[in-house]
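Trainee: The following block contains the structure, expressed as structure tokens.
The values are calculated or read from the model by the stated rules, or taken from the named source; none is laboratory data. Note that the coordinates shown come from a computational prediction; the quantities given were computed from them, not determined experimentally. Note: ideal-geometry Cβ built from the backbone for every residue, glycine included; neighbour counts use all protein chains shown. In case anyone asks, the SASA skips ligands and DNA or RNA and just uses the protein heavy atoms, side chains included. Shrake-Rupley method; radii C 1.70, N 1.55, O 1.52, S 1.80 Å.
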Amino acid sequence: SAVISQKPSRDICQRGTSLTIQCQVDSQVTMMFWYRQQPGQSLTLIATANQGSEATYESGFVIDKFPISRPNLTFSTLTVSNMSPEDSSIYLCSATGGLNTEAFFGQGTRLTVV
Amino acid sequence: SQKIEQNSEALNIQEGKTATLTCNYTNYSPAYLQWYRQDPGRGPVFLLLIRENEKEKRKERLKVTFDTTLKQSLFHITASQPADSATYLCALTSYNTDKLIFGTGTRLQVFP
């Protein structure tokens, strides 16, 4: 199993600013992902964080808005850039240990943009 | 387009009864289907994984079925308890990827 720590756990930000969310896993994992969850909604995949290379983004999400880094096997960051109130959501980091195995999740970062 | 739909309404059942949650998908050929539990303010927690060629999987009071002809999975909680109250999410993955695509989720409420 893996324990995932995310920080910050919550933040209130001014529109037009950027926030970087950090995700640390306590063991080496194969894949890391970032999801967004609107209040009362399910999870939407933003991107796959690739170690040492550019992230792979899902339809509707772009690097300029959500730059992602993964410098090593256990750490990743997601930046929400030039924020607007529509970016208010919960952002979740996830990791898996191998192909088609269970996923582990951080506790999420609750972002409010005012 | 691809869709993964679960019971749209919250499911309310009495303690001790069996809760049955559904997960239906369209335009998708999953290799694996997983079920997760999510409590308010927390990330999802893995419960069960069932493979394309498996019909049923059990773990303690939990049972999952997977019908690739009907494109449906059923998730059962027997002898339900108030502590089982949470949102339950199904998620699909295809071969050669770890990407999880989540369903809409079902909120389960078990009352005494």
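Trainee: Restricting attention to segment B:80-112, and to residues there that are outside any strand (DSSP E or B) and open to solvent by 50 Å² or more (accessible area, probe 1.4 Å), which single residue is modelled with the lowest pLDDT? Walk me through it before giving the result.
Mentor: In the first step, residues of segment B:80-112 are kept if they are outside any strand (DSSP E or B); the result is B:80-85, B:94-100, B:103-105, B:112.
Then keep just the ones that are open to solvent by 50 Å² or more (accessible area, probe 1.4 Å); that gives B:81-83, B:95-96, B:99, B:104, B:112.
Working: B:Q81: 97, B:P82: 97, B:A83: 98, B:Y95: 78, B:N96: 74, B:K99: 87, B:T104: 90, B:P112: 93.
Among them, the one singled out is B:N96.
Trainee: Give the residues of segment A:1-46 that are closer than 16 Å to A:A103 by Cβ and without any contact (Cβ under 8 Å) to a residue 24 or more places away in the chain, sorted by residue number.
Mentor: The answer is A:S42, A:T44, A:L45.
Trainee: Among (1) closer than 19 Å to A:L99 by Cα; (2) surrounded by 15 or more Cβ atoms within 10 Å (Cβ to Cβ), there is one condition B:S29 misses while meeting the rest; what is its number?
Mentor: Single failed check for B:S29: (2).
Trainee: Give the residue that is least open to solvent (accessible area, probe 1.4 Å), with candidates limited to residues of segment A:58-75 that are among the hydroxyl-bearing types (S, T, Y) and without any contact (Cβ under 8 Å) to a residue 40 or more places away in the chain.
Mentor: So the first thing to find is which residues in segment A:58-75 are among the hydroxyl-bearing types (S, T, Y), and the list is A:59, A:69, A:74.
Narrowing the set further to residues that are without any contact (Cβ under 8 Å) to a residue 40 or more places away in the chain leaves A:59, A:69.
Numbers: A:S59: 114, A:S69: 48 Å².
Restricting to residues being among the hydroxyl-bearing types (S, T, Y) and without any contact (Cβ under 8 Å) to a residue 40 or more places away in the chain, the top hit is A:S69.
Trainee: Given chain A, what strands (runs of 3 or more DSSP E) lie entirely inside it while holding 3 or more residues that are away from chain B (no Cβ under 12 Å)? Don't jump to the end; show me each part of the working.
Mentor: Values: elements: A:4-7, A:10-13, A:19-25, A:31-37, A:43-49, A:68-72, A:75-80, A:89-96, A:103-105, A:109-113.
The strands (runs of 3 or more DSSP E) meeting that bar are A:10-13, A:19-25, A:68-72, A:75-80, A:109-113.
Trainee: Could I ask something else about it? What's the number of the only condition in (1) surrounded by fewer than 16 Cβ atoms within 10 Å (Cβ to Cβ); (2) free of Cβ contacts under 8 Å to residues at least 24 places away in the same chain that B:G43 fails to meet?
Mentor: (1)
Trainee: Across segment A:32-57, what is the number of residues that are crowded, with 16+ Cβ neighbours inside 10 Å and of a type in the set (D, E, K, R)?
Mentor: Adding up the residues that qualify gives 1.
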